[in-house]
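The next block holds one structure in the form of structure tokens; read it before the comments.
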Amino acid sequence: MQMDRWPVVRQLRGEDRTGRGAAVKSQGSATLRPRIGGADRVVKSICPYCAVGCGQNVFVRDEKVVQIEGDPDSPVSRGRLCPKGSASLQLTTGSARRYEVLYRAPRATDWTVLDLDTAMDMVADRVIATRRATWAWEEEGKRVRRTMGIASLGGATLDNEENYLMKKLYTALGVVQVENQARI
Amino acid sequence: MAECHPVGFQWVMEAKARGATVIHVDPRFTRTSALADLHVPLRAGTDIAFLGGIVNYVLEHERYFREYVVAYTNGPTIIKEDYRDTEDLDGLFSGFDPDERTYDFHSWEYEGAELSPSAGERDEAYEDKVGGGPAGGGPAGDGPAGDGPGGGGPAGGGPGEGDVGVPVDRSRRVVESSRGQAHGSGGAAAAPNPERDETMEHPRCAFQILKRHFARYTPEMVEEVCGVPRELFVKVCETLAANSGRERTSAFCYAVGWTQHTVGVQYIRTAAILQLLLGNIGRPGGGILALRGHASIQGSTDIPTLFNLLPGYIPMPHAHMDEDLDSFVAGTATEKGYWGDMRSYMVSLLKAWWGPAATEESEYCFDYLPRLTGDHGTYQTVQAQLRGECKGYFLAGENPAVGSANGRMQRLGMAKLDWLVVRDFSLIESATWWKDGPEIETGELRTEEIDTEVLFFPAAAHTEKNGSFTNTQRMLQWHHAAIEPPGDARSELWFYYHLGRIIREKLAGSADEMDRPVLDLTWDYPTEGRIGEPTAEAVLAEINGWDGDGEPLGSYEQLNEDGSTACGCWIYCGVYAGGVNQAAQRRPGREQSWVASGWGWAWPANRRILYNRASADPEGKPWSERKALVWWDEASGVWTGHDTPDFAASKSPWHRPPRGARAAEALSGVDPFVMQDDGKAWLFAPAGLADGPLPAHYEPQDSPVANLLYGQQRNPVRRTVADRHNLYHPDPSAAGSSVFPYVLTTYRLTEHHTAGGMSRWQPYLAELQPEMFCEVSPELAAERGLEHLGWATIVTARNAIEARVLVTERVTPLRVQGRTIHQIGLPYHWGPNGYVRGDAANDLASLALDPNVHIQEAKAFTGDIRPGRRPRGPAKAELVEQYVRRAGVDLETGTGVLDGR
């Protein structure tokens, strides 16, 4: 019946007399599905913003992250996320993210796109050359075995395992100017 | 806390609902203030005066927890006769060297006990212990050998301890490098057997010195210095004191509002002294809690991407004549406590890094470590860049063009580099300054003349990689990769692993000795997936460590000094116990006790509250049933409780170490502070600090008022940077000081993240906080003709920025020394890129550094504010120049040592 599409008719005829349930459902709302419905899997994660360490559930469908929500299991956060944590989906899948390596040559006025392997090779060459050119065995007669020609800043947003490899490689290279936000 | 750690703040609100009183001390009124019982606005940069005032109140009114203080702190310990306090020297401590701008700490030491600091730069007394005479020697003096709980424990001199009387070379600068990470675990070292007076009546005991030192921090003084009315201040004191002791505990939460000062470390020290006096350390509901702003900033301090540390707070070695592993250990280890096992930690680390090459014959490749010769912190790096000495720079998830103090120096420094690698999600300001930075606009830099090569690498998100974050309570939590990173986006794990692999391939076959550490490095991690991602759990397994059979270790107590164990970070040992990733534990909180030990893994040994032996009395009984955490179970002869006891499991409260015991064995049953060389918490720091054994209030580098407490205006050993881009403001007594009359302070907002790299590119967050603004009071707006929602220009001797004006009573003018002090609040999230843009507040700040940790003073400085937008192009630099001229500022301004006298 065409008339039954009218919410008021359904409200008067049906059991939902207060109009807060079935009576007011539209075809549109009836076909709504939760964003996380149909997710292939839920992956346990941790919010990447501040150091409270709220739990996150990451919902994946067709190898794409489709939603990130607070993890109710976490004794830290009990399912809550702040505005930043709630924006994690935009952080991880938003249009502002870059997926290409960019290169700016000396005195150039713009970027050019570079392939990843070439760029990695260029960085390795520059590290080796700068290290060699600025190497010091001694300073004021004391052994230092290092280069002051290379520095690094960053780590507080990264994983422990990443910081570990950074410190290990830099130290083996003799790079001592290794720093992160903890100094700042 | 409600602003910057909102989800953590839910627990404060839970406590409030159960009757807790919430006090918020902050120059501005925030979401935290709105929910607090008491909001106390104070002048930025005066927290030592404020906290010192509470210390004085607690001492004067005898509100301290006497049994706790006597048993667990160095309050009873006698200090050397030649110690002179700020009370004697009008704001200086004994040992000051005005030429070197350093202190010699030797007069601060315990009576009859030689010291070597162990927080941060722990070889402060290297010459005493190594260079000053042969290692070994007699005990440093016997303290009272108590025979019951509460007494001191006997301990003989151990190997490596130098004689007290050996003449030492004191010409070396005491301040060599960062002496302590404010959030680290570093204990400091004292000889294990100092003289104590358990009555705390001895005039030279730390407790009595403390009393005299803080006696001038009266409520009246607090009112005049901080601008906090004395009635309000006394209410804070009374509330805190009433809520501490046997039955109750109070906690302090802080963030960089306490650290970014030229006296930042001493801020935390003052809070530590207060919390120890009140018995609020090592107990549930107590503590001094650093609320850290990045997901794993704690982890990046524990496994440090920091110049002065190796993993687990092992100090990076300093350059000394003929230094070897033995002398390094002798110079940095403590006699007593867990730092006594320094050699085991160090050798195990070297084994993890250099594997088969690390043998006894090769001294475990100790010589492969580069050495420090001073401060090599990030603000030294920027100066080295400007001098052309530092030529290559990696940025990994950090945006110094916006986030570091004096952003202009950062950008000018990068313009001098040969090459710059930026790894981030989007094109942050630190990646694009060469084409659209503020200095391009003013004409100071021209794109076509900048030689720096820039390589931008897109970073993988947390959802695209496996790994662990260490949160602000030392808890490691594993996040699992949901998908592989798209395009050329890669994790840092991928980037650094493959960079190392390529470098090693290119150097293969090199016979150059400088390449040996690279070629001998253990660097054979398994990789997986389409992109060859290193297996993060394999790296975690190395961090955890293994024994000679390759079996994962379960505890740092298993580490050996003979090369039979490897461990990448000793304090994380146990995170992979049994070959199981403990950081990935996820037993739901509702299925556990309030301690929730089954979720994640907290270092060390999954302890959730550090030093929790102090939650029980000397006999091992909880101070009160309400506040029970761990206790001694006499029947079974072990420590037990809700949390993992932070104490040797079977060491009874009555245990007294035998003579000659060393390291952890030398700790008695009443030494809860197991990292300290005397097992006690330090009210008075006899070593380890660059700027004094006790906190003293000094005015910030840029301040509108004179120091009322002492003749000494500023921290005499603060680090200043003489550079034409880094001019300081005149002394308050100088004629030009009125040119910069207002106090500036920077802060964060809920909707943005630090320098904005993870929030200004997110549409939701950009919309929620769309524009840079400054907060001013209605009174200041009237004084300077500022209109709500209009524009203002804020000027310092470093730079000028513009911001929208928010006229609000959230900022309160304060009465200080008979005059009105206006404060201006500046969020620092914005820069020229992203969806929402604005000038960077950090461009206004100077490099004036804490002498212990070399952090910048960004939370209290001065400036001027005027209506209207800032000038464009070269006219901006001219405006700043006008101010500099009017104020009579030059390179010398504000750099005096004994200033204010």
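Structure above, values below:
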read-out: Overall Cα dimensions of the range B:234-273 - principal axes, largest extent first, Å; value: 35, 20, 16
read-out: Surface accessible to a 1.4 Å probe, per residue, for the residues of chain B, Å²; value: 31 Å²
read-out: 29 Å tail of the calculated P(r), chain A, as % of Cα pairs; value: 55 percent
read-out: Distance histogram for the range B:267-420 (every C-alpha pair counted, 5 angstrom bins, percent rounded to whole numbers); value: 2, 7, 12, 14, 15, 15, 14, 13, 7, 3, 0
read-out: Rg to Rh, two decimals, where the range B:395-537 supplies the alpha carbon set and Rh follows Kirkwood; value: 1.04
read-out: Number of partner chain Cβ atoms within 10 Å, mean per residue of B:284-292; value: 1
read-out: Cβ crowding within 10 Å averaged over residues, with B:828-839, A:72-83 ranked highest first; value: B:828-839, A:72-83
read-out: Exceeding the 20 Å Cα-Cα cut-off - candidates B:Lys351/B:Lys465; B:Lys129/B:Lys336; B:Lys16/B:Lys627; B:Lys336/B:Lys621; A:Lys84/A:Lys168; value: B:Lys351/B:Lys465; B:Lys336/B:Lys621; A:Lys84/A:Lys168
read-out: Computed over the range B:749-818, Kirkwood Rh from alpha-carbon pairs, angstrom; value: 13.9 Å
read-out: Dmax and Rg, reported as Rg then Dmax, of the range A:41-93 (C-alpha, Å); value: 10.3, 31
read-out: Neighbour cut-off at most 12 other Cβ (10 Å), DSSP loop, trypsin sites (Lys or Arg not before Pro), the range B:668-753; value: B:Arg724
read-out: Cα-based radius of gyration of the protein assembly as shown once divided by 2.2 N^0.38 Å, which approximates compact folds; value: 0.92
read-out: As computed over the range B:226-315, the Cα convex hull volume per residue (Å³); value: 130 Å³
read-out: Sulfur and carbon atoms: percent of accessible area, the range B:619-723 [1.4 Å]; value: 52 percent
read-out: Bins of 10 Å from zero: percent of alpha-carbon pairs in the range B:719-887; value: 10, 36, 38, 14, 1
read-out: Spatial separation of Cα centroids for the range B:588-604 and the range B:316-347, in angstrom; value: 35 Å
read-out: Å² per residue, accessible surface of chain A at 1.4 Å; value: 44 Å²
read-out: Average partner coverage of B:433-446, which counts Cβ from other chains inside 10 Å; value: 1
read-out: Separation between Cα centres of the range A:60-105 and the range B:756-829, rounded to whole Å; value: 31 Å
read-out: Alpha-carbon Rg/Rh ratio, for chain B, with Rh computed the Kirkwood way; value: 0.94
read-out: Summed buried accessible surface, chains A and B, 1.4 Å probe, nearest 100 Å²; value: 12600 Å²
read-out: Fraction in percent of alpha-carbon pairs per bin - 10 Å, the range B:14-109; value: 12, 24, 32, 21, 11, 1
read-out: Gyration tensor (Cα) of the range B:555-668, equivalent ellipsoid semi-axes in angstrom; value: 25, 24, 9
read-out: Alpha-carbon Rg with Dmax, taken over the range A:1-84, Å; value: 19.4, 58
read-out: The protein assembly as shown - charge dipole about Cα centre, Lys and Arg +1 at Cβ, Asp and Glu -1, debye rounded to 20; value: 4320 debye
read-out: Longest site-free stretch - chain B; sites: GluC sites (Glu not before Pro), DSSP loop, at most 15 other Cβ within 10 Å; value: B:390-624
read-out: Highest average packing first - B:575-583, B:71-79, Cβ atoms within 10 Å; value: B:71-79, B:575-583
read-out: Relative compactness, the range B:371-440, computed as alpha-carbon Rg over 2.2 N^0.38 Å; value: 1.07
read-out: Selection of chymotrypsin sites (Phe, Trp or Tyr not before Pro), the range B:223-330, meeting DSSP coil and at most 10 other Cβ within 10 Å; value: none
read-out: Peptide B:763-769, shielding by other chains (average Cβ, 10 Å cutoff); value: 4
read-out: Where only C-alpha atoms are counted, convex hull volume of the range A:97-168 per residue in Å³; value: 156 Å³
read-out: Cα centroid separation - the range B:609-666 against the range B:1-24, whole Å; value: 31 Å
read-out: Sum of -39500 (n - 2.57) over DSSP H runs of 4+, divided by residues of chain B (222 nm, nearest 500); value: -6500 deg cm²/dmol
read-out: Convex hull volume per residue for the range B:315-404, taking Cα atoms only, in Å³; value: 160 Å³
read-out: Of all accessible heavy-atom area on the range B:777-829, the percent that carbon and sulfur account for (1.4 Å); value: 48 percent
read-out: Where B:Trp353, B:Trp631 fall by accessible area, highest first, once all protein chains stay in place (1.4 Å); value: B:Trp631, B:Trp353
read-out: Net dipole in debye of the range B:719-887 [+1 Lys, Arg Cβ; -1 Asp, Glu Cβ; about Cα centre; nearest 20]; value: 260 debye
read-out: Phi-based couplings in Hz for the range B:24-37 (Karplus 6.51, -1.76, 1.60; Gly and Pro marked x); value: 10, 10, 6, x, 10, 8, 10, 4, 5, 4, 4, 9, 7, 6
read-out: Kirkwood hydrodynamic radius over Cα pairs of the range A:134-184, then Stokes diffusion coefficient at 25 °C and 0.890 mPa s, in µm²/s; value: 207 µm²/s
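The values are calculated or read from the model by the stated rules, or taken from the named source; none is laboratory data. Computed from a prediction, not measured in an experiment: that's the story for all the values here. Every residue, glycine as well, gets a Cβ built from its backbone with ideal geometry; the counts of neighbours run over all protein chains shown. For the accessible areas, the whole protein counts, side chains as well, though only heavy atoms, and no ligand, DNA or RNA atoms are used. Shrake-Rupley method; radii C 1.70, N 1.55, O 1.52, S 1.80 Å.
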